[in-house]
Amino acid sequence: MSAGCCCRQVACCCGAAGCALCCACCPRIKQSTSTRIMYALFFILVTIVCGTMMSPTVAELMKDNIPYYKDICDHIQAGSACEKLVGYSAVYKVCFGMAGFFFILMLLTINIKNSRGCRAYIHNGFWFFKFLILIAMCSGAFFIPDQETFSNVWRYVGAFFGFIFLLIQLRLLVQFAHKWNKNWTSAQVHKTFWSAALAFVTLILYSVAVGALALLAYFYTHPEGCLLNKIFLGVNGGLCLLVTLVAFSPCVQKYKPYSGVLQSGIISCYVMYLTFSSLSSKPPETMIDDMGRNVTICVPSFSKDLNQDGRLVSIIGAIILFACILYSCLTSTTRASSDALIGRYSPPETEVARCCFCCASSEEDGVDDRVVKKGGQHVAYDEETTTVYRYWYFHFVFFLGTFYMMMTVTNWFHYNYAEIEKLFIGSWSPFWIKMASCWACILVYLWTLLFPVCRGTRKGYVV
């Protein structure tokens, strides 16, 4: 590692220089990209800490393997077994610190036009100091007086802002579906190829959705019970069929010619995932069999160990959940995506069909960006003229994402017995929240389809 690269990394941590790797063979990175990656790493780190706090298994391992564990807990005044550092209340305090961190940055970055001002330097640099501030704010929350009142109030604050983030996430999914379909259907070159690719992907999406519905009906219903599961599977399956018919109806095609079954396929797959996660979160039902024994029903029957099923659901759900949070926080803050969230789309004539339609094409990359070469990865300062994304809105989305992560990790309103190992099973509040998310997603998608019809606007790129 060269001395120049070491100095550059120190400047990155303590100054306003853009972050980069020390490996010169890495491709060039833009300052706008590296900045968002660094904030995402902050978010990931705090999420891991929150997950650790909600895990009795990790707490037991620390107690058994860390020397002088009891003495350390007493020294930092965390209780004889560090009980103040575990559980839902500890997660509330840590998330209070991170939410405050992003809220302050949101206020500091309002109306920034380019990256050459002092406030922009704060946003794009000084990572070491910002990391210390984040730690200090998360740690200082443990000294808030009247912890019980704080937890009761903060819980409802988290539910409110977490719901707002959920709406943004659902709207972003719909926008992603529309963008994908519009990009591939607007192809001027090799139109037959892109039409075939569109049909193939649509077929896969609907196959996954229909297969998921059949598997859910097989594993989560019982001939003699599970009425609630049967009702919701029927309702959600019917809603997926409804949005498909609406998207392909002549009146919608007249005012929104770039709507199609691809969007409905994406929405249907997401609704089936939410249905799976919701039914997995629902407490199991019991019935008396012919032998007079209590039998657990309305849960997957392919495993005799319900905890094993719960761990599988938790792992799958956690991966998808975390991917959705990061995608929402990073993608929704670009100017094109945030404009799309309020219904402004680029004209289809400007679209160039490509596989990586979410990323900027090579023609859109800036050729006049100032590139700094100091022994490591090259950094292109692409925001010296104008910002690529809205800084304040970026921090606002992370602010909302903190609440959504906090409420999910603490199992929403079933927080007293919440454990990270049982995050997605056995509670009514996550069940109803996820089921309501299915219906909210359908309503948002229907609104994007029917609003141009009601408005009478015949522009395929307006929602």
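Residue by residue, here is whether (1) in contact (Cβ under 8 Å) with a residue 24 or more places away in the chain; (2) open to solvent by less than 40 Å² (accessible area, probe 1.4 Å); (3) in contact with a helix residue (DSSP H, G or I) (Cβ under 6 Å, 6 or more places away or on another chain); (4) over 30 Å from residue 397 (Cβ atoms) holds:
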site: 172; (1), (2), (3), (4): yes, yes, yes, no
site: 201; (1), (2), (3), (4): yes, yes, no, no
site: 218; (1), (2), (3), (4): no, no, no, yes
site: 231; (1), (2), (3), (4): no, no, no, yes
site: 272; (1), (2), (3), (4): yes, yes, yes, no
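Condition check ((1) out of contact with any helix residue (DSSP H, G or I) (no Cβ under 6 Å at 6 or more places or on another chain); (2) crowded, with 21+ Cβ neighbours inside 10 Å; (3) at pLDDT 85 or above; (4) assigned to a helix (DSSP H, G or I)) across all residues:
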residue	(1), (2), (3), (4)
387	yes, no, no, no
399	no, yes, yes, yes
404	no, yes, yes, yes
412	no, yes, no, no
417	yes, no, no, no
424	no, yes, no, no
431	no, yes, no, yes
436	yes, no, yes, yes
query: Taking residue 448 and the conditions (1) at pLDDT 85 or above; (2) touching a Gly at 6+ places or on another chain (Cβ under 9 Å), which numbered condition does it fall short on, given that it satisfies the others?
result: (1)
- prompt: What number of residues in the range 108-126 are open to solvent by 40 Å² or more (accessible area, probe 1.4 Å) and touching a helix residue (DSSP H, G or I) at 6+ places or on another chain (Cβ under 8 Å)?
  reply: 6
- request: Residue by residue through the range 186-239, note down the ones that are of a type in the set (S, T, N, Q) and in a loop (DSSP other than H, G, I, E, B).
  value: 186, 188, 221
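Out of the range 127-148, which residues are open to solvent by 70 Å² or more (accessible area, probe 1.4 Å) and over 20 Å from residue 85 (Cβ atoms)?
Within the range 127-148, the first condition is being open to solvent by 70 Å² or more (accessible area, probe 1.4 Å), and the residues that meet it are 128-129, 132-133, 135, 143, 145-146, 148.
Of everything in the range 127-148, those that are open to solvent by 70 Å² or more (accessible area, probe 1.4 Å) and over 20 Å from residue 85 (Cβ atoms) turn out to be 128, 129, 133.
The values are calculated or read from the model by the stated rules, or taken from the named source; none is laboratory data. Quick caveat, the model's predicted, so the values are computed rather than measured. Because the Cβ atoms are built from the backbone with ideal geometry, glycine has one as well, and the counts that use them run over all protein chains shown. The area values use the complete protein model at the heavy-atom level, side chains included, leaving out ligands, DNA and RNA. Shrake-Rupley method; radii C 1.70, N 1.55, O 1.52, S 1.80 Å.
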